[in-house]
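A.B. asks: Below: one structure in structure tokens.
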Amino acid sequence: MKVKVIAILCTIMFCLNCTLFSFATSITDWENQKNEAENNKNEKEEELNDVQEEKSQTFKEIEQLSEDISIKQEEIDKLYDEVKELETSIKQVETELEAAEKNEKEQEEALKQRIVAQYKMGTISYWDILLKPSSLLDFVSNLHIFNKIADYDTRLMESLEKTTKEIADKKEELDNKKSKLKTAKANAEKENTKLKTAKAQKNSKIANLSEQEKELQKAIDEYQREMDEADAAISRLAASSGNGGNYSGGQLRVPCKYTRISSYFGNRESPGGGVGSRNHKGLDLAAPHGTTIIAAEAGTVIKVSNTCKHDYAKTVKTKCSCGGGYGNYMMISHGGGLVTLYAHCSSINVSVGQTVSAGQAIGAVGTTGYSTGNHLHFGVLLNGSYVNPLPYIS
């Protein structure tokens, strides 16, 4: 009879161990799938972060180009106004030059006519004018008139020549200035065209980056779906370890001495600028590194992941996906469909299949996995679904 009882007990233990082994193998497969999806998601998130940074920088460059284009356009408009003003001045000078040239021609024609008249009248010398008069009064009068005419002709010619030269010089100066302004305007327009082309290229780059952003986000969402699917499978397996039902045990113990609850169960802003889940499935109990973790209730260890070596506070650039983001963690089934999870441990000192008692030391607080600082992530699953741990702990 005694031998028969022992045989039955051995059979039960064997079946139990086989069940635990089978469970561990199944949950490990799902954890591996989750970790692979997590790694892929991390890679895509890093790519997305790079694309978003490049997009942000490109927006800044476009903003600067828009400002440069605006400044250059103001310069072009100013040059255009100056060119128009010069063209008006040149037209006025050309009118003045035309009038001066006309006067000059008229004076030249008058002189020619006087010379022709003198020629027809015969040769009249300077001495004829002085000596032919019949009286001294006629002599003085003739000399005065002669000098007046000669002086008038001389001053008129000099004045016309001077005016003509000044107008011509001014026209040449305005033409030169106009040419320089046109060259400056053409160069400014050329630069403005280059700026607009660069802006168009940047806008095209933004469009391409936006497409990349969409594709990367699509991939991230798909990997997140795979992770959620793995989590759901793990939850179902965890629930099946307790044969379902309702947990009928006592209140769970607080799993470690903590300084504060740094994050509660439910939706939240992702801590550390993108390190950690936005849908928080447990309580984060902040505690010094190495603080002892205890089993919240008696039960059987059904999962241990203890391979993460990244025991330091993470950033977006340094985060790791060990243990699906939980780092080093363990799960304990307490029966009645209740399972507890202890994550981000610096060390774990239990193994799968081991029976633990309530309050037994099972590990130490750390910051492995997706963690911005030392704390224990404490999760509670009931019949395969994560629930708020607060109502379950004393």
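A.B. asks: Kindly indicate the residue of region 260-295 that is β-branched (Val, Ile, Thr) and modelled with pLDDT under 95 and also nearest to Cys322 (Cα to Cα) among those meeting that condition. Let's see the steps before the verdict.
C.D. replies: Keep residues of region 260-295 that are β-branched (Val, Ile, Thr), which gives 261, 275, 291-294.
From what's left, modelled with pLDDT under 95: 261, 275.
Working: Ile261: 23, Val275: 13 Å.
Of everything passing the filter in region 260-295, Val275 is nearest to Cys322 (Cα to Cα).
Conditions tested, residue by residue: (1) of a type in the set (D, E, K, R); (2) in the same structural domain as Glu46 (by TED's automatic domain parsing); (3) under 30 Å from Glu47 (Cα atoms); (4) modelled with pLDDT of 80 or more.
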{"site": "Tyr152", "(1), (2), (3), (4)": "no, yes, no, no"}
{"site": "Ile167", "(1), (2), (3), (4)": "no, yes, no, no"}
{"site": "Ala186", "(1), (2), (3), (4)": "no, yes, no, yes"}
{"site": "Glu215", "(1), (2), (3), (4)": "yes, yes, yes, yes"}
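A.B. asks: Ok, one more. Residue check, Lys202 against (1) in contact (Cβ under 8 Å) with a residue 60 or more places away in the chain; (2) more than 16 Å from the chain's Cα centre (by Cα), all met but one. Which one?
C.D. replies: Among (1) in contact (Cβ under 8 Å) with a residue 60 or more places away in the chain; (2) more than 16 Å from the chain's Cα centre (by Cα), the lone unmet condition for Lys202 is (2).
A.B. asks: So for region 363-379 (the condition being closer than 24 Å to Asn40 by Cβ, not assigned by TED's automatic domain parsing to the domain that holds Asp231 and not in a loop (DSSP other than H, G, I, E, B)), does at least one residue qualify?
C.D. replies: To start, the set of residues in region 363-379 that are closer than 24 Å to Asn40 by Cβ comprises 367-372, 377, 379.
Cutting the leftovers down to not assigned by TED's automatic domain parsing to the domain that holds Asp231 gives us 367-372, 377, 379.
Then keep just the ones that are not in a loop (DSSP other than H, G, I, E, B); that gives 377, 379.
Scanning region 363-379, I find at least one residue that is closer than 24 Å to Asn40 by Cβ, not assigned by TED's automatic domain parsing to the domain that holds Asp231 and not in a loop (DSSP other than H, G, I, E, B), so the answer is yes.
A.B. asks: Let me ask something additional. Quick test for you: out of Thr88, Thr58, pick the one residue that is closer than 30 Å to Asn203 by Cβ and either assigned by TED's automatic domain parsing to the domain that holds Lys177 or at pLDDT 70 or above (or both).
C.D. replies: Being closer than 30 Å to Asn203 by Cβ and either assigned by TED's automatic domain parsing to the domain that holds Lys177 or at pLDDT 70 or above (or both) holds for just one of Thr88, Thr58, which is Thr58.
A.B. asks: Just to check your reading of the model, which residue among Ser347, Ser333, Ser351 is crowded, with 21+ Cβ neighbours inside 10 Å, hydroxyl-bearing (Ser, Thr, Tyr) and under 28 Å from Glu36 (Cα atoms)? If you could, list the steps in order and put the result at the bottom.
C.D. replies: Values: Ser347 fails: crowded, with 21+ Cβ neighbours inside 10 Å; Ser351 fails: crowded, with 21+ Cβ neighbours inside 10 Å.
Result of the check over Ser347, Ser333, Ser351: Ser333.
A.B. asks: From Gly249, Gly244, grab the single residue that is within 30 Å of Ala296 (Cα to Cα), surrounded by 14 or more Cβ atoms within 10 Å (Cβ to Cβ) and modelled with pLDDT under 85. Before the answer, list the steps.
C.D. replies: Details: Gly244 fails: surrounded by 14 or more Cβ atoms within 10 Å (Cβ to Cβ).
Among Gly249, Gly244, only Gly249 is within 30 Å of Ala296 (Cα to Cα), surrounded by 14 or more Cβ atoms within 10 Å (Cβ to Cβ) and modelled with pLDDT under 85.
A.B. asks: Condition test on Asp29, is it at pLDDT 75 or above and either part of a helix (DSSP H, G or I) or loosely packed, with under 11 Cβ neighbours inside 10 Å (or both)?
C.D. replies: On the way: at pLDDT 75 or above: no; either part of a helix (DSSP H, G or I) or loosely packed, with under 11 Cβ neighbours inside 10 Å (or both): yes.
Judged against the criteria, Asp29 is not a match.
A.B. asks: Being within 22 Å of Glu36 (Cα to Cα) and part of a loop (DSSP other than H, G, I, E, B) is the filter here, so list the residues in region 279-311 that pass it.
C.D. replies: Within region 279-311, the subset within 22 Å of Glu36 (Cα to Cα) is 279-281, 302-311.
Lys281, Asn306, Thr307, Cys308, Lys309, His310, Asp311 - these are the residues of region 279-311 that are within 22 Å of Glu36 (Cα to Cα) and part of a loop (DSSP other than H, G, I, E, B).
A.B. asks: What number of residues within region 65-84 are of a type in the set (D, E, K, R), modelled with pLDDT of 80 or more and out of contact with any helix residue (DSSP H, G or I) (no Cβ under 8 Å at 6 or more places or on another chain)?
C.D. replies: Result for region 65-84: 5.
The values are calculated or read from the model by the stated rules, or taken from the named source; none is laboratory data. Because the structure is predicted, anything quoted here is derived from the model rather than measured. Quick reminder, even Gly has a Cβ in these numbers, built from the backbone with ideal geometry, and neighbours come from all protein chains shown.
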